[in-house]
Structures are given as C-alpha cells and as structure tokens.
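Here the structure comes first, spelled out in structure tokens, and everything after it is commentary.
Please treat every number below as a calculation from the coordinates, not as lab data. Predicted model only: the values in this text are computed from it and were never measured. As a convention, Cβ positions derive from the backbone with ideal geometry for all residues, glycine included, and neighbour counts pool all protein chains shown.
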Amino acid sequence: MGWSSPLGLRLESRTKPDGLGFTTQPKGLADSSRWSKRSVDHRRRRASVGHAEGVPESVGSMGSTFFSLHYHIVFSTKERRPLIHPDWAPRMHAYLGGIIRELNGVAEIVGGVTDHVHILASLRPVHCIAELMRDLKKDSSTWAKVNFDRRFAWQKGYAAFTVSPSATTGVKKYIANQEAHHAKYTFVDELKELLNKAGIGYDEKYLL
C-alpha cells in the first residue's frame, strides 16, 4: 500500500480520500524521534538550492542548473521479519515521505508490505543517498518503536536504482501494486529480479 502525489506538489498532513494514507507525520501520533525542526535546519540549508525536477538552481548571470533525479529505493525490516503491521503501514509510509520532504526531496510514492518498503523519490544533486538512508532509517525506526512496536528495526543496507523520467509512471504502478505482487513472490525473489534487471552482481548470502 502507499500513495503518490503529483511531483512537486506539497503533501498535506491528512488522509487521502481513498484511505491510502498521507506523507507527513499523522496527527495524534507523537513525533518522538530526533527529527525536530532544529535537527533538520542544517540539512534544509544544504539542500535548499533548486527544486526536485527541472527547475533552475539559480537565476542571474551565472547560468542555471537543470536536473531530473529519480531513485527507486528498497529496504527491508530486520531479518525480513513481518514487523510493519497493516494497521499502521500507511502511517509508516507517511512518516518516511515526511522525512524525505524535510530533506527537500519529494517522495512520489511510498509503499510495500509487512517486511519491506519501496520508495520512488525525486532528489537534488546535493543529496547523498547514504546520508538520506541513514536519516530515513534512524528516525523512522525510533518513531515506530515508540508508537507501535518496541521490537521494530530496519535491516542494514538498501538497494537504490536510478529511474528515467519516462519510467517513473511504471515504477509508481509497481510500488502501488505491492500486495498483489507479493501474493506470488517473496521479497528476496523480487530483489533478485530488480538487481538482475539493473545489471548488478550480488552474492545471495548478502541479500537484504
């Protein structure tokens, strides 16, 4: 499950009419992580130049920078245990989207099933995937532990694939259809397929 928004639109803190969730901190749930306004100010300043897709970085005699950077990011719960309960999965997806927004990125869609998450994110040239993933996992795991399950944790590592603008619609549909997809395939099967399509070699014992 999960939901997408038109690229570049501000994502509001409320439930979508179709009940698929939202992409910011849900009302009534404490933001108990370290993800305070103060903690992200320096990241906002660092990532504040430009917009997520195709918008000039600056206006003036120095010229402009244009970019369209989309990433399909996949990561699992610790030991691939079914820790993301369906009752609060939309809130987890929402919280992950809110963290990306605080970093001046755009979560175009967040979805997944009980043991892993998929994100299609539009980022800026100044973003570092490793840093974004560090913050995403640390803050969301703290939030989930306090609000839902003290055992919650993410697995180390992640998979990140660049996505061409022409392929983003297909990736969104793929992420939105996760429940049906995983009625037939395991997460490991899915990950192998994604890695093979991207031409990435791997040792099976190190899969997420």
Mean projection of the alpha-carbon convex hull of region 144-205 over all orientations, in nm²? 6.2
What do you get for Rg/Rh over region 76-139 if you use C-alpha atoms and the Kirkwood form of Rh? 0.97
In which sequence would D139, D149 go, from the one with the fewest C-beta neighbours within 10 Å to the one with the most? D149, D139
Contour excess over end-to-end distance, with Cα ends at D203 and F67 and 0.36 nm allotted per residue: 45.6 nm
Would you mind checking K137/K172; K156/K205; K145/K192; K137/K205; K78/K205 for any pair whose Cα atoms are more than 18 angstrom apart? K137/K172; K145/K192; K137/K205
Extension gain from K138 to L195, taking 0.36 nm per residue of separation minus the Cα-Cα distance: 18.0 nm
Test of understanding: ordering S141, S68, S76, S164 by Cβ neighbours within 10 Å, fewest first, what list do you get? S164, S68, S141, S76
With 10 angstrom as the radius, rank R150, R80, R91 by how many other C-beta atoms surround their C-beta, starting from the fewest. R150, R80, R91
